[in-house]
1. Which condition breaks for residue 134 when tested against (1) under 16 Å from residue 82 (Cα atoms); (2) exposed (fewer than 15 other Cβ atoms within 10 Å of the Cβ)?
2. Testing residue 123 on (1) among the hydrophobic types (A, V, I, L, M, F, W, C); (2) closer than 23 Å to residue 164 by Cα; (3) touching a helix residue (DSSP H, G or I) at 6+ places or on another chain (Cβ under 7 Å), one condition comes back false. Which one is that?
Amino acid sequence: MSVQSMRAARAFGGQAQPRYRRAWSGLAVSIAYGLRSLRDSSSAAAWLAVGTIVAMPYDQEFAGRIRQLIGADPELTEKKMFGGLAFLIRGNMAIAASSEGGAMVRVDPEQSDVLVATTQGTVMNMRGRDMPGWLRVSSGDLGTDDQLARWVEIGTGYARSLPPK
(Lines give C-alpha, C1' and ligand atoms only; values in the text may rest on other atoms or scores of the structure.)
Protein backbone atom coordinates (compact mmCIF):
# COMPACT_ATOMS: atom_id res chain seq x y z
CA MET A 1 0.00 0.00 0.00
CA SER A 2 1.44 3.39 -0.99
CA VAL A 3 1.97 6.22 1.46
CA GLN A 4 -0.79 8.22 -0.21
CA SER A 5 -3.18 5.24 0.03
CA MET A 6 -2.39 4.87 3.73
CA ARG A 7 -3.05 8.58 4.30
CA ALA A 8 -6.32 8.33 2.37
CA ALA A 9 -7.35 5.24 4.36
CA ARG A 10 -6.56 7.09 7.60
CA ALA A 11 -8.72 10.00 6.43
CA PHE A 12 -11.64 7.56 6.12
CA GLY A 13 -11.09 5.71 9.39
CA GLY A 14 -8.84 2.99 7.94
CA GLN A 15 -11.64 1.49 5.86
CA ALA A 16 -11.15 0.33 2.31
CA GLN A 17 -12.76 2.85 -0.01
CA PRO A 18 -14.04 2.64 -3.56
CA ARG A 19 -11.53 3.84 -6.16
CA TYR A 20 -13.27 7.19 -6.75
CA ARG A 21 -13.27 8.01 -3.02
CA ARG A 22 -9.57 7.14 -2.82
CA ALA A 23 -8.89 9.53 -5.69
CA TRP A 24 -10.84 12.34 -4.06
CA SER A 25 -9.29 11.69 -0.68
CA GLY A 26 -5.85 11.76 -2.31
CA LEU A 27 -6.73 15.14 -3.77
CA ALA A 28 -7.90 16.33 -0.36
CA VAL A 29 -4.66 15.09 1.20
CA SER A 30 -2.62 16.88 -1.49
CA ILE A 31 -4.52 20.12 -0.96
CA ALA A 32 -4.17 19.81 2.82
CA TYR A 33 -0.40 19.32 2.55
CA GLY A 34 -0.21 22.21 0.07
CA LEU A 35 -2.04 24.46 2.52
CA ARG A 36 0.22 23.35 5.36
CA SER A 37 3.32 24.21 3.31
CA LEU A 38 1.85 27.60 2.41
CA ARG A 39 0.91 28.41 6.00
CA ASP A 40 4.08 30.44 6.45
CA SER A 41 3.87 32.03 3.00
CA SER A 42 3.03 35.71 2.83
CA SER A 43 1.87 35.52 -0.79
CA ALA A 44 -1.89 35.96 -1.08
CA ALA A 45 -1.74 34.71 -4.69
CA ALA A 46 -0.13 31.48 -3.53
CA TRP A 47 -2.96 30.94 -1.03
CA LEU A 48 -5.61 31.53 -3.69
CA ALA A 49 -3.95 29.18 -6.19
CA VAL A 50 -4.09 26.11 -3.93
CA GLY A 51 -7.05 23.93 -4.80
CA THR A 52 -8.33 26.26 -7.53
CA ILE A 53 -9.73 24.49 -10.56
CA VAL A 54 -10.07 26.74 -13.57
CA ALA A 55 -12.43 25.80 -16.41
CA MET A 56 -11.57 27.25 -19.75
CA PRO A 57 -14.70 28.96 -21.05
CA TYR A 58 -15.81 28.95 -24.65
CA ASP A 59 -15.23 32.06 -26.76
CA GLN A 60 -18.38 34.14 -26.23
CA GLU A 61 -17.67 36.33 -29.25
CA PHE A 62 -17.44 33.22 -31.42
CA ALA A 63 -20.69 31.89 -29.94
CA GLY A 64 -22.30 35.23 -30.77
CA ARG A 65 -21.18 34.88 -34.39
CA ILE A 66 -22.81 31.43 -34.55
CA ARG A 67 -25.98 32.78 -32.93
CA GLN A 68 -26.15 35.61 -35.46
CA LEU A 69 -25.68 33.25 -38.42
CA ILE A 70 -28.41 30.87 -37.22
CA GLY A 71 -30.74 33.82 -36.73
CA ALA A 72 -34.10 33.97 -34.97
CA ASP A 73 -35.16 30.34 -35.18
CA PRO A 74 -37.99 29.25 -32.84
CA GLU A 75 -36.60 25.69 -32.88
CA LEU A 76 -33.17 26.83 -31.62
CA THR A 77 -32.02 26.25 -28.06
CA GLU A 78 -28.63 26.82 -26.50
CA LYS A 79 -27.15 24.53 -23.91
CA LYS A 80 -23.80 24.41 -22.15
CA MET A 81 -22.23 21.08 -23.08
CA PHE A 82 -18.73 19.63 -23.30
CA GLY A 83 -17.29 22.79 -21.72
CA GLY A 84 -18.68 24.89 -24.56
CA LEU A 85 -21.97 26.24 -25.80
CA ALA A 86 -24.04 23.97 -28.04
CA PHE A 87 -26.71 25.15 -30.45
CA LEU A 88 -29.53 22.64 -30.80
CA ILE A 89 -32.27 22.49 -33.40
CA ARG A 90 -35.36 20.63 -32.09
CA GLY A 91 -33.16 19.10 -29.38
CA ASN A 92 -30.45 17.85 -31.76
CA MET A 93 -27.03 19.42 -31.55
CA ALA A 94 -26.03 21.25 -34.72
CA ILE A 95 -22.84 23.10 -33.81
CA ALA A 96 -21.01 24.09 -30.64
CA ALA A 97 -18.51 26.75 -29.68
CA SER A 98 -15.81 24.58 -28.12
CA SER A 99 -13.90 25.38 -24.94
CA GLU A 100 -10.77 24.31 -26.83
CA GLY A 101 -11.40 26.95 -29.49
CA GLY A 102 -13.10 26.42 -32.81
CA ALA A 103 -16.28 24.47 -33.36
CA MET A 104 -17.69 21.00 -33.00
CA VAL A 105 -20.10 20.35 -35.88
CA ARG A 106 -22.68 17.59 -36.23
CA VAL A 107 -22.75 16.17 -39.76
CA ASP A 108 -24.26 13.22 -41.58
CA PRO A 109 -22.00 10.27 -40.60
CA GLU A 110 -22.06 9.06 -44.23
CA GLN A 111 -20.55 12.40 -45.32
CA SER A 112 -17.84 12.58 -42.63
CA ASP A 113 -15.10 11.08 -44.81
CA VAL A 114 -15.93 13.36 -47.76
CA LEU A 115 -15.96 16.46 -45.54
CA VAL A 116 -12.66 15.53 -43.90
CA ALA A 117 -11.08 15.00 -47.34
CA THR A 118 -12.39 18.27 -48.84
CA THR A 119 -12.31 20.69 -45.84
CA GLN A 120 -10.20 21.52 -42.82
CA GLY A 121 -12.54 19.57 -40.53
CA THR A 122 -11.25 16.55 -38.63
CA VAL A 123 -13.20 13.67 -37.11
CA MET A 124 -13.80 14.15 -33.39
CA ASN A 125 -11.98 11.71 -31.17
CA MET A 126 -13.63 11.05 -27.81
CA ARG A 127 -11.87 8.79 -25.32
CA GLY A 128 -9.61 7.39 -28.02
CA ARG A 129 -12.47 6.55 -30.38
CA ASP A 130 -13.23 8.34 -33.66
CA MET A 131 -16.78 9.65 -33.82
CA PRO A 132 -18.07 9.78 -37.41
CA GLY A 133 -20.77 12.38 -37.67
CA TRP A 134 -18.93 14.78 -35.36
CA LEU A 135 -16.27 17.06 -36.83
CA ARG A 136 -13.91 19.50 -35.19
CA VAL A 137 -12.98 22.69 -37.02
CA SER A 138 -10.19 24.85 -35.60
CA SER A 139 -10.73 28.53 -34.92
CA GLY A 140 -8.10 29.41 -37.53
CA ASP A 141 -10.34 27.90 -40.21
CA LEU A 142 -13.38 29.90 -39.04
CA GLY A 143 -11.94 33.42 -39.13
CA THR A 144 -14.47 34.91 -41.56
CA ASP A 145 -18.25 34.81 -41.42
CA ASP A 146 -18.29 33.06 -44.82
CA GLN A 147 -16.11 30.24 -43.48
CA LEU A 148 -18.24 29.89 -40.35
CA ALA A 149 -21.54 30.18 -42.27
CA ARG A 150 -20.70 27.06 -44.29
CA TRP A 151 -20.25 24.98 -41.13
CA VAL A 152 -23.33 26.46 -39.45
CA GLU A 153 -25.34 25.54 -42.54
CA ILE A 154 -23.98 21.98 -42.58
CA GLY A 155 -24.65 21.47 -38.85
CA THR A 156 -28.12 23.00 -38.78
CA GLY A 157 -29.11 21.24 -42.01
CA TYR A 158 -28.25 17.84 -40.55
CA ALA A 159 -29.87 18.61 -37.18
CA ARG A 160 -33.11 19.60 -38.98
CA SER A 161 -33.10 16.26 -40.83
CA LEU A 162 -33.24 14.36 -37.52
CA PRO A 163 -36.47 13.66 -35.63
CA PRO A 164 -37.16 16.03 -32.73
CA LYS A 165 -36.10 14.95 -29.27
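The values are calculated or read from the model by the stated rules, or taken from the named source; none is laboratory data. Bear in mind that the values here come from a model prediction, so they are computed numbers and not experimental data. Virtual Cβ from ideal backbone geometry, glycine too; neighbours counted across all protein chains shown.
1. All conditions are met except number (2).
2. Tallying (1) among the hydrophobic types (A, V, I, L, M, F, W, C); (2) closer than 23 Å to residue 164 by Cα; (3) touching a helix residue (DSSP H, G or I) at 6+ places or on another chain (Cβ under 7 Å), residue 123 fails exactly one: (2).
Here is a yes/no grid of residues against (1) assigned to a helix (DSSP H, G or I); (2) buried (at least 17 other Cβ atoms within 10 Å of the Cβ); (3) at pLDDT 95 or above:
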residue	(1), (2), (3)
54	no, no, no
57	no, no, no
64	yes, no, no
73	no, no, no
78	no, no, no
85	no, yes, no
100	no, no, no
